[in-house]
């Protein structure tokens, strides 16, 4: 009987030790240190899985403005690069090193709820009408609609969380891991 009780006690002790929170990642309620809706530092990343993620890998100046290089792996074999910055009006802008006059607006963080803007403002098939549909102190959600090609086309949604950046985008419904300024958040 003593051996049986010792075995049970040892099992419970091992079980309690295994419940120790030794993981240093922030899981349930992240408390980010950045105030930006898309924190831009080399090494920050947004990861769905090993085959689908975006990481800031470098910086580049385009006509004197500092842009961050966002490397994205999609589906394990498709790669894209975007050069993004947030201007003094809190607009998220994509620039193009080979065409510095061309700009693409991804978000306007200081706009009012239900305000709209055009991503390219050139009436091309790639020009989206964007509407801020959800706004509070820590969240911005935009609905994008390809207006000039087919106004009835399904809208695409992108959300940004203050201090964490993208919550979800066109490709994924939510990220499972985000790294901001060296801090890793698992969801």
Restricting attention to segment 92-110, the residues that are more than 18 Å from the chain's Cα centre (by Cα), over 25 Å from residue 52 (Cβ atoms) and surrounded by 14 or more Cβ atoms within 10 Å (Cβ to Cβ) number exactly 1
In segment 38-89, what residues are free of Cβ contacts under 8 Å to residues at least 24 places away in the same chain, within 20 Å of residue 119 (Cβ to Cβ) and part of a loop (DSSP other than H, G, I, E, B)? 87, 88, 89
Filter result for the condition that a residue is more than 12 Å from the chain's Cα centre (by Cα) and surrounded by fewer than 11 Cβ atoms within 10 Å (Cβ to Cβ), over 134, 183, 154: 154
Test residue 79 against the criterion of being within 21 Å of residue 47 (Cα to Cα), loosely packed, with under 12 Cβ neighbours inside 10 Å and in contact with a strand residue (DSSP E or B) (Cβ under 8 Å, 6 or more places away or on another chain), and give yes or no. yes
Can you confirm whether segment 111-127 contains a residue that is buried (at least 18 other Cβ atoms within 10 Å of the Cβ) and assigned to a loop (DSSP other than H, G, I, E, B)? yes
Test for residue 141: is it modelled with pLDDT of 90 or more and over 20 Å from residue 48 (Cβ atoms): no
Given (1) exposed (fewer than 12 other Cβ atoms within 10 Å of the Cβ); (2) under 18 Å from the mean Cα position of the chain (by Cα); (3) at pLDDT 95 or above, number of the condition residue 89 does not satisfy: (2)
Filtering segment 90-146 down to residues that are free of Cβ contacts under 8 Å to residues at least 12 places away in the same chain and under 22 Å from residue 164 (Cβ atoms) yields 136
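The values are calculated or read from the model by the stated rules, or taken from the named source; none is laboratory data. Keep in mind it's a predicted model, so treat the numbers as computed, not measured. Neighbour counts run over all protein chains shown; Cβ positions are idealised from the backbone, glycine included.
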